[in-house]
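K.L.:
If you scroll down you'll find the structure; I have some questions about it.
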Amino acid sequence: MKSRKLVSTLAKAIITSTFILGSIASAASYPSKQIEVIVPYSAGGGTDLVTRAFADAAKQYLPEAMGVVNKTGGGGAVGLSEIVRARADGYHIGMGTVELAMLPHLGMVTFQAEDFVPIARLNAEPSAISVNADSPWQTYDEFIAHAKANPGAIRIGNSGTGAIWHLAAEALADKTGTQFSHIPYDGANPAVTALLGGHIEAVTVSPAEVANHVKNGKVRILTIMSDERIAGFEDIPTLKESGVDLSIMTWRGIVVPKKTPEDIQMVLRDAVKQTANDDGFKSALAKMNLTHAYLDAPEFQKTISRDDVFFKDLMKKLGLGS
Amino acid sequence: MQDFSMLINGVLALFDQPMSLLFAVLGVTLGVLLGILPGLTATMGVAILLPFTFGMDPVPALLMISGVYFGGIYGGSITAILLNIPGTPAAAATALDGYQLTRQGKAGITLGTATLSSFIGGTISILILIFMAPLLADFALKFSAAENFALAVFGLSIIVSISSHSMLKGLIAGGIGLLIATVGLDPMSGYPRFTGGFNELMSVPFIPIMIGLFAASEAFKSLSETQAARSSASAIGRIIPSWSTFKGLIPTILRSAGLGSFIGSIPGAGADIASFVAYNEAKRFSKNKENFGKGELQGVAAAESASNGCTGGALLPMLTLGIPGDAVTAVMLGALVLQGLQPGPMLFAEHGELVFTVFAGMLFCYLILLAIGLASLRMVVKIIRIPKAILTPTILSLCVVGTYAINNSVFDIAIMLAAGIAGYIMQKRDFPPSPIVLALIMGPMAESNFRRALSLQGGSYDFLYTRPITVVLLSIALLTLSYPIYRKLRSKPKAQAAADAASGQ
């Protein structure tokens, strides 16, 4: 009886000391091994490209190169759930996207936006209304006037029902009291192809996703749903300039599971900040037509919380939620 | 002829750049290896290589990526022929006859034919890309949801022609495939269907099911067989087909190359659809239709020529319009932009020299593919001589690793194993697995495009008969479906029934 008690005490002591030692070690020497970044989208997509460019630049600021792991499926649901469930030791981080504030309100996932702790935002792309260059509308005002006069006649292609660009079009309809026909495609590219072929009237994808076709003179961007005019598209007015108070963007940034220790978060914030401001990373993004949009953790948290509320209200209004 | 002289200049420029040639060889080799391994696809290879091209010059970067693309599509056929394991979805059509030929001791000549067909199909498609790009470019844009729906229906009708043993069993398998294809997010409303609450099931785990149905089931079957059963398959035979054999294949290869280039240029349709369509057409034009599915070299030649024919086709709208024809060219589009090249109508005018150097390099890639293929086949073909005690566990572990590699998901492995057991039972009961694969490719495409076409037309069904391309494709589908029935009826002495079937068009 006595020996058993002794054994259990010893075991407790060993376990406790291991924990203490373990936590001290992790705080002082973090990172001491490879950090794994989970990407919730497939290799070759925009989120993947941002992550790989980031991992490439981060080599200089970390003792070991980051590993990039794609966990795809369910419009990001699989990978984002994986990030929430990952061990919170700083060696498992994720590339969070705007979907982490959207999917919970569609009732498809078990996590909430609060289950993620932001480290830093790296990239953001606003929604834009683009039309075929042959179309009669030269400005947003002409476009929306036509839409209001012909309810449901304007077909807007999006990257999938419930995805960010669909919600952008829905939010615009809601704000302006217009009625559109929303046509979902399997991603932004097929929607743009349909626009080029004249099968739909407009798309709400990001300016970067139509930039090629704008340069070729095939597509015209009428307005961009950002707070201010964005770099590379300075001559295109924002939606706010037309008097519609709406700005919708997708974003990508480093997030970690909720229970990741504070001190490890601080180390990560530093490394991510250095990487984000690295010239190599910036030029890689620019080459890919992606917008560099660094925000530190507190600012990033504000964006996430704001979007969380916005999408919750919007989806309730649209009857998309559950 | 101006194009021709630019191509000659391109060839000359290319041979001034040994690094470009080296990267082309590297790309093709890597691509073939990726293609051989089930689960690892050309798309994945291209995506992973992309960051490495950040710091490279445009020509070697684009050639390495093209090499992986071409090699990956070809490599999938090798294991399809030798082991009935399609390394890529497109190779599922190659496996139909390829594996039967291997079992007849003709593995060598089948692989040789596949290599030659891939080479010819690919080269023709690149030539079409070089000389006819502006003519074909706008055609891609004509394909709206209605046309894509019709193409998918045509694809589904091919189930009839790949169900050689029993049409009824083929159609049942196809029906099961269509049912499985409904699992996942509803393509229009975005709500999950039949997912049982699993996030992993929000899209149909297509590749795991294919690996399970073909590869794992084959491994399970060989576990249950006696050692002696395999001995007949160990003969290799000659590799390069004799001229008299090859001569008969030329029309098939040329037709399939054309079909592949055409289908490849349609956004949203790729090598998987092209190889099945070409297989179907080869059978339609063949004199000995009965032999298809039982080991017909024409079937292998058609599938391989068409799947590699797709490569040039898919590049066409990407380069001329900036529209990627499939997942690989979508990544390649990114690579072009990274290199500061603007795909679109002005690309040829502004960067003509570079573009034609890359074209010359693509032709070089196909030459390398031919060389690597023919040189390595003697060695590769020995796979079938590996004792079953070693081969079967190796196949099973490759299935597991390959499946895991797609999404890094253990869930997919479970799906793969379940599909493997299902595939084993199907084999025992003589149900063909390819209709399931075909239904999984075409089903979602048919459903989403049908519903998309409906919403584009405001709910009207007019698109079914007012759009010329749609009407033509739907008519071909109807012909494909009704022809075997017509033949069956005619073979019976019932003239009346035959007349009915004919007028039913």
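Each reported figure results from applying straightforward, stated rules to the coordinates on display, with no laboratory input. Nothing here was measured: the structure is a model prediction, and the numbers come from that model. In this analysis, Cβ positions are derived from the backbone assuming ideal geometry, glycine residues included, and neighbour counts consider all displayed protein chains.
K.L.:
Kindly put A:89, B:412, A:313 in sequence by how many other C-beta atoms sit within 10 Å of each C-beta, fewest to most.
P.N.:
Ranked by crowding around the Cβ, least crowded first: A:313, A:89, B:412.
K.L.:
Write down the percent of antiparallel bridges among all DSSP beta bridges whose residues are both part of the protein assembly as shown, to the nearest 5.
P.N.:
65
K.L.:
Cα-based Rg of chain A per 2.2 N^0.38 Å, rounded to two decimals? Mind showing how you got there, number by number?
P.N.:
Working: Rg = 22.7 Å, N = 322, 2.2 N^0.38 = 19.7 Å.
Ratio of Rg to 2.2 N^0.38 Å for chain A: 1.15.
K.L.:
Same structure again: Quick one, could you list the DSSP H helices from chain A stretching 30 Å or more along their long axis (Cα atoms) with average Kyte-Doolittle hydropathy of -1.0 or above?
P.N.:
Qualifying helices, which must be both long enough and hydrophobic enough, are A:2-29, A:297-318.
K.L.:
Tell me, what is the FRET efficiency for residue B:457 and residue B:9 to the nearest 0.05, using R0 = 45 angstrom and their Cβ-Cβ distance as r?
P.N.:
My answer for the efficiency is 0.40.
K.L.:
Provide the FRET efficiency to the nearest 0.05 for the residue B:390-residue B:238 pair, computing r from the beta carbons and using R0 = 30 Å.
P.N.:
0.70
K.L.:
Also, I was wondering about something else. More than 23 Å apart: what percent of Cα pairs in the stretch A:61-189 qualify? If you can, show how the numbers build up before the last one.
P.N.:
On the way: 3855 of 8256 pairs.
Here the long-distance tail beyond 23 Å is 47 percent of all Cα pairs in the stretch A:61-189.
K.L.:
Let me ask something additional. Percent relative contact order of chain A, based on C-alpha pairs within less than 8 angstrom and at least six residues apart? Before the final figure, lay out each step's value.
P.N.:
Numbers: 582 pairs, mean separation 81.1, N = 322.
The normalised contact order for chain A reaches 25 percent.
K.L.:
Looking at the stretch A:128-242 only, what percent of DSSP beta bridges run antiparallel? Nearest 5 please.
P.N.:
Taking every DSSP beta bridge with both residues in the stretch A:128-242, the antiparallel ones total about 50 percent.
K.L.:
Could you work out, residue by residue across A:108-117, how many beta carbons of other chains sit within 10 Å of that residue's beta carbon, and then give the average as an integer?
P.N.:
1
K.L.:
Turning to a different aspect of this structure: Let me check against my output: what whole-number percent is the relative contact order of the stretch A:196-288, with C-alpha pairs under 8 Å and at least 6 apart?
P.N.:
That works out to 14 percent.
K.L.:
Now, a different point. I'd like the projected area of the stretch A:248-297, averaged over all directions, using the convex hull of its alpha carbons. Report it in nm² with one decimal.
P.N.:
Quarter of the Cα hull surface area: 4.2 nm².
K.L.:
When ranked by the protection proxy of mean other Cβ atoms within 10 Å per residue, highest first, what sequence do the peptides B:25-38, A:231-244 form?
P.N.:
Ranking, from highest mean packing down: B:25-38, A:231-244.
K.L.:
Something else: For labels at residue B:410 and residue B:139 in the simple 7 Å Cα→Cβ model, what's the distance in nm?
P.N.:
Rounded to a tenth, the inter-label distance reads 5.0 nm.
K.L.:
Rg over Rh of chain B, using C-alpha atoms and the Kirkwood radius, what does it come to?
P.N.:
Ratio of gyration radius to Kirkwood radius: 0.96.
K.L.:
Run the Debye formula on the Cα coordinates of the protein assembly as shown, all scatterers equal and no solvent, and tell me log10 I(q)/I(0) at q = 0.09, 0.11 1/Å.
P.N.:
Each listed q corresponds, in turn, to -0.90, -1.32.
K.L.:
Run the reach check for residue B:294 against aspartates and glutamates, Cα to Cα strictly under 15 Å, same-chain hits fewer than 8 apart removed. What comes back?
P.N.:
Those aspartates and glutamates meeting the cut-off are B:97, B:430.
K.L.:
Here is a follow-up. Distance check, please: which entries in A:175/A:302; A:218/A:312; B:287/B:428; A:259/A:287 exceed 26 angstrom between their Cα atoms?
P.N.:
A:218/A:312; B:287/B:428; A:259/A:287
K.L.:
Rounded to the nearest 500, what is chain A's calculated 222 nm mean residue ellipticity when only DSSP H runs of at least 4 contribute -39500 (n - 2.57) each, over all residues?
P.N.:
-13500 deg cm²/dmol
K.L.:
How would B:424, B:69 line up from fewest to most surrounding beta-carbon atoms within 10 angstrom?
P.N.:
The fewest-first ordering by Cβ neighbours comes to B:424, B:69.
K.L.:
Here's something else I'd like to know. Given points 7 Å out from each Cα along the Cα-Cβ axis, report the residue A:153 to residue B:186 separation in nanometres with one decimal.
P.N.:
Taking the two extended label points, one gets 2.9 nm.
K.L.:
Additional query: Convex hull over the alpha-carbon atoms of the stretch B:179-281: what's its volume per residue in Å³? Don't skip to the answer; put the middle values down first.
P.N.:
Values: hull volume 17.7 nm³, N = 103.
Normalising the Cα hull of the stretch B:179-281 by residue number yields 171 Å³.
K.L.:
Which cross-chain or sequence-distant (5 or more) residues have an amide H under 5 Å from the amide H of residue B:203, H modelled 1.01 Å from N in plane?
P.N.:
Close amide H contacts, sequence-distant or interchain: A:74, B:185.
K.L.:
Using only the alpha carbons of the stretch A:128-242, determine the length spanned along each of the three principal axes and report them from longest to shortest in whole angstroms.
P.N.:
Cα spread of the stretch A:128-242 along its principal axes, largest to smallest: 32, 30, 27 Å.
K.L.:
What are the residues whose amide H is under 5 Å from the amide H of residue A:117, where those residues sit 5 or more places off or on another chain and H is modelled from the backbone?
P.N.:
A:256, A:258
K.L.:
If we count other beta carbons within 10 Å of each Cβ, what is the order of B:156, B:367, B:374, fewest first?
P.N.:
Fewest to most other Cβ atoms nearby, the residues stand as B:367, B:374, B:156.
K.L.:
Could you work out [θ]222 nm for chain B from helices alone, using -39500 (n - 2.57) per DSSP H run of at least four and dividing by all its residues? Round to the nearest 500 deg cm²/dmol.
P.N.:
-24000 deg cm²/dmol
K.L.:
Cross-link candidates for residue A:33: which aspartates and glutamates have Cα within less than 14 Å, leaving aside residues fewer than 8 places away along the same chain?
P.N.:
Cross-link targets: A:64, A:89.
K.L.:
Could you work out the mean count of beta carbons from other protein chains within 10 Å of each residue's beta carbon in A:185-194?
P.N.:
5
K.L.:
Additional query: How many Cβ atoms of partner chains, on average, are near each residue of A:72-80 if near means within 10 Å of its Cβ?
P.N.:
Working: counts 7, 13, 10, 5, 2, 5, 10, 3, 1.
So the per-residue partner count for this stretch is 6.
K.L.:
Right, something else. Order these peptides, B:108-115, A:32-39, by their mean beta-carbon neighbour count within 10 angstrom, highest first. Show your work: numbers first, answer last.
P.N.:
Working: B:108-115: 25.2, A:32-39: 17.4.
Most protected by this proxy first, the peptides run B:108-115, A:32-39.
K.L.:
Restricting to bridges with both residues inside chain A, how much of the DSSP beta-bridge set is antiparallel, in percent to the nearest 5?
P.N.:
60
K.L.:
Now, a different point. Residue B:491 versus residue A:313, label points 7 Å from Cα toward the beta carbon: distance in nm?
P.N.:
7.0
K.L.:
Taking a temperature of 4 °C and a viscosity of 1.567 mPa s, what whole-number D in µm²/s does Stokes-Einstein yield for the stretch A:175-322 with Rh from Kirkwood over alpha carbon pairs?
P.N.:
71
K.L.:
Right, next: Rank-order B:171-179, A:159-167 by packing density, defined as the average count of other C-beta atoms within 10 Å over each peptide's residues, highest first.
P.N.:
Most protected by this proxy first, the peptides run A:159-167, B:171-179.
K.L.:
Right, another one. Sum up the charges of everything whose Cβ sits under 11 Å from the Cβ of residue A:115, counting Lys and Arg as +1 and Asp and Glu as -1, but leave residue A:115 out.
P.N.:
Cβ neighbours under 11 Å give a net charge of +2.
K.L.:
Evaluate the charge dipole of chain B about its Cα centre and quote only its size in Debye, nearest 20, assuming +1 on the Cβ of each Lys and Arg and -1 on the Cβ of each Asp and Glu.
P.N.:
Numbers: 29 positive and 23 negative charges, 437 e Å.
Result for chain B is approximately 2100 debye, rounded to the nearest 20.
K.L.:
Can you pull the percent of Cα pairs in the stretch A:45-89 with separation above 13 Å? Provide the component values of the computation, followed by the final result.
P.N.:
On the way: 623 of 990 pairs.
Value for the stretch A:45-89: 63 percent of Cα pairs lie more than 13 Å apart.
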